[in-house]
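Q: Shown below is the structure under consideration.
The values are calculated or read from the model by the stated rules, or taken from the named source; none is laboratory data. None of these values were measured; they are calculated from a predicted model. Please note: Cβ atoms are built from the backbone with ideal geometry, for glycine as well, and neighbour counts cover all protein chains shown.
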Amino acid sequence: MNALAAAGVGLLGLALMLAWALWRQRRRNAALQRRLDLADTELQQLQQACARLAPAGVVDRMLADGLRGGAAELPFERREVTVLFSDLVGFTALSEQLDPAVLARVLDGYFQRISDAVHAHSGHVSTWLGDGMLAYFGALRPNPWQCADAVRCALAMACAIRRCNEELAREGLPPLALGIGIHRGPGLAGMIGSRERREYGFVGRTVNLAARVQTLTRTHGVEILVTEAVRAGIGDAFVLRAMPAEHVKGIEQPVLTWAVLDVAGADPAGAAQHP
């Protein structure tokens, strides 16, 4: 009996030691899981913050390079990109009519609507320029449908502004008017800026011409203008009207543009439609 009792006490002691070790390990595992969850949350917050300056794919690549001990920087890449430049027509006069708080609310709603349209059509908002916006299609990765995506986006933006104006009218506020210029051409895509602040952008003559085409919307009295390079990339998918060629700053030859009136047999506000 004494031997059996001693053996039982020994087994009980061993069981208690194993239970204590197991409990301790579980506490360590729980603490480690909390640290991993916190790190994952912080990484997601970092990605969300960085995504405001660069597309999600670029952020992921930069973070991966940094974790592997790289420079967390991306080299410039030569791309064929479609550039969309938009601007509010008569914004200066509008800003003088509205209370600053009301103006900020109207602009926030406008920016969100057109930003949503860009993202829904495989584009990237690069820069906000006062009341204007610069967006790229095909800058992050090759996109054979980039011209159609950009034009569909422009039509969706026009639809969004009309819905916005209906809401403004119910509040007795003046309507917004939009001008959009789209051009396709070569350039360099990558991270641009100083040591303190960098953002993903596109450099080249293509951007300048898109901005010049946007100013021609006032000349021709239309919402959306595309260049011949864009027209060649969209085929018969849209209803277009040729505009008279115009001279623009920095371009020797007159620039031929086309007004975009509608999508041929499709919903202009629809998302990108790729085969």
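Q: All but one of (1) farther than 23 Å from LEU216 by Cα; (2) at pLDDT 85 or above; (3) out of contact with any Lys or Arg (no Cβ under 6 Å at 6 or more places or on another chain) hold for ALA72; state the number of the condition that does not hold.
A: ALA72 satisfies all of (1) farther than 23 Å from LEU216 by Cα; (2) at pLDDT 85 or above; (3) out of contact with any Lys or Arg (no Cβ under 6 Å at 6 or more places or on another chain) except (2).
Q: If I filter region 73-117 down to residues being in a helix (DSSP H, G or I) and acidic (Asp, Glu), which single residue comes out as farthest from GLY201 (Cα to Cα)?
A: In this case the residue turns out to be GLU96.
Q: Further, regarding this structure: If I ask for residues that are touching a residue at least 60 places away in the same chain (Cβ under 8 Å) and either loosely packed, with under 14 Cβ neighbours inside 10 Å or over 18 Å from the mean Cα position of the chain (by Cα) (or both), which ones from region 166-182 would you list?
A: LEU168, LEU173, PRO174, LEU176, ALA177, LEU178, GLY179
Q: Right, next: Could you say whether any residue in region 211-229 is outside any helix (DSSP H, G or I), over 20 Å from ALA117 (Cβ atoms), of a type in the set (A, V, I, L, M, F, W, C) and in contact with a strand residue (DSSP E or B) (Cβ under 7 Å, 6 or more places away or on another chain)?
A: Within region 211-229, none of the residues are outside any helix (DSSP H, G or I), over 20 Å from ALA117 (Cβ atoms), of a type in the set (A, V, I, L, M, F, W, C) and in contact with a strand residue (DSSP E or B) (Cβ under 7 Å, 6 or more places away or on another chain).
Q: Name the residues in region 207-250 that are closer than 25 Å to GLY90 by Cα, of a type in the set (Val, Ile, Thr) and surrounded by fewer than 17 Cβ atoms within 10 Å (Cβ to Cβ), would you?
A: THR215, THR219
Q: I want to confirm something. Restricting to region 118-161 and keeping residues that are surrounded by fewer than 18 Cβ atoms within 10 Å (Cβ to Cβ) and assigned to a helix (DSSP H, G or I), which single residue is farthest from the chain's Cα centre (by Cα)?
A: The selected residue is CYS159.
Q: With the requirement that a residue be outside any strand (DSSP E or B) and within 20 Å of the chain's Cα centre (by Cα), what does region 189-207 give you?
A: Matches in region 189-207: ARG197, GLY204, THR206, VAL207.
Q: On to the next question. Test ALA266 against the stated conditions and say whether it is modelled with pLDDT under 90, closer than 12 Å to VAL151 by Cα and part of a loop (DSSP other than H, G, I, E, B).
A: It is false that ALA266 is modelled with pLDDT under 90, closer than 12 Å to VAL151 by Cα and part of a loop (DSSP other than H, G, I, E, B).
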